[in-house]
1. Which residues, taken from segment 66-91, are surrounded by fewer than 17 Cβ atoms within 10 Å (Cβ to Cβ) and over 23 Å from ALA115 (Cβ atoms)?
2. Given the conditions (1) touching a Gly at 6+ places or on another chain (Cβ under 8 Å); (2) over 19 Å from SER37 (Cα atoms), report the number of the one that VAL83 does not fulfil.
3. Considering each of LEU94, LEU161, LEU157, LEU108 in turn, give the residue that is surrounded by 14 or more Cβ atoms within 10 Å (Cβ to Cβ) and touching a Leu at 6+ places or on another chain (Cβ under 7 Å).
4. Taking the criterion of being under 16 Å from PHE38 (Cα atoms), of a type in the set (A, V, I, L, M, F, W, C) and under 15 Å from the mean Cα position of the chain (by Cα), would at least one residue in segment 115-123 satisfy it?
5. All but one of (1) without any contact (Cβ under 8 Å) to a residue 60 or more places away in the chain; (2) out of contact with any helix residue (DSSP H, G or I) (no Cβ under 9 Å at 6 or more places or on another chain); (3) loosely packed, with under 14 Cβ neighbours inside 10 Å hold for THR148, so report the exception by its number.
6. Checking the conditions here, which among SER35, SER78, SER59, SER65 is touching a residue at least 40 places away in the same chain (Cβ under 8 Å) and either closer than 17 Å to THR148 by Cα or of a type in the set (A, V, I, L, M) (or both)?
7. Within segment 43-81, how many residues are closer than 27 Å to SER105 by Cα and assigned to a loop (DSSP other than H, G, I, E, B)?
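We did not get these values from a lab; they are worked out from the coordinates using the rules stated. Just so we're clear, the structure is a prediction, and the values are computed from it rather than from any experiment. Positions of Cβ are generated from backbone atoms using ideal geometry, with glycine treated the same way; all protein chains shown enter the neighbour counts.
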Amino acid sequence: MTARTDITTDITTDTDITAGTDTAVAAEAVTTSGSISFANWEEKEAGSSGAGPRTAHASVVNTFSGGIEAAGTACDYSIAYTVGHAGVFTGMELVTGSIDGRPGSFVLEQRGTFAEDGTIHCTFTVVPGSGTEGLAGLTGTGEYTCRTGQASFPYSLSYRL
């Protein structure tokens, strides 16, 4: 497995109010990618309206490879099925491992949709303040798209430390 890492730079301007001068501050955004593999999907119905919408909770164990290296993450989802097998989900995932070689833990907040045709799209955000060790101060967003039943799929994460 190879990981792709891209670096972009955003420039912001800070004003020193004591000296009356502007200084440029560079904040590097790094984009990294790899794949996610999941196992042990355990879903339980939380509520149902008969033939209409229903809700469920699911727990899953993920393994990240590539830019994020982490095995056995803990992820919990809340799911709303709207019609048939379509709906939306939110989730929290505790990731312990490394990003581009920097060790630590962090939490991902996930939001996604799944369609009748089996397409799943998810965006995720690093929960502010959740980074530890070499990932302290971590911020970032990412995404993945996959199909129902696909055991491994690509992700990308754009982050700052």
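1. If the condition is that a residue be surrounded by fewer than 17 Cβ atoms within 10 Å (Cβ to Cβ) and over 23 Å from ALA115 (Cβ atoms), then ALA71, GLY72, ALA74 are the ones that fit.
2. So VAL83 meets the others, but not (1).
3. Exactly one residue qualifies, and that residue is LEU161.
4. Taking every residue of segment 115-123 in turn, at least one turns out to be under 16 Å from PHE38 (Cα atoms), of a type in the set (A, V, I, L, M, F, W, C) and under 15 Å from the mean Cα position of the chain (by Cα).
5. (1)
6. None of the others qualify; the one that does is SER35.
7. Count: 1.
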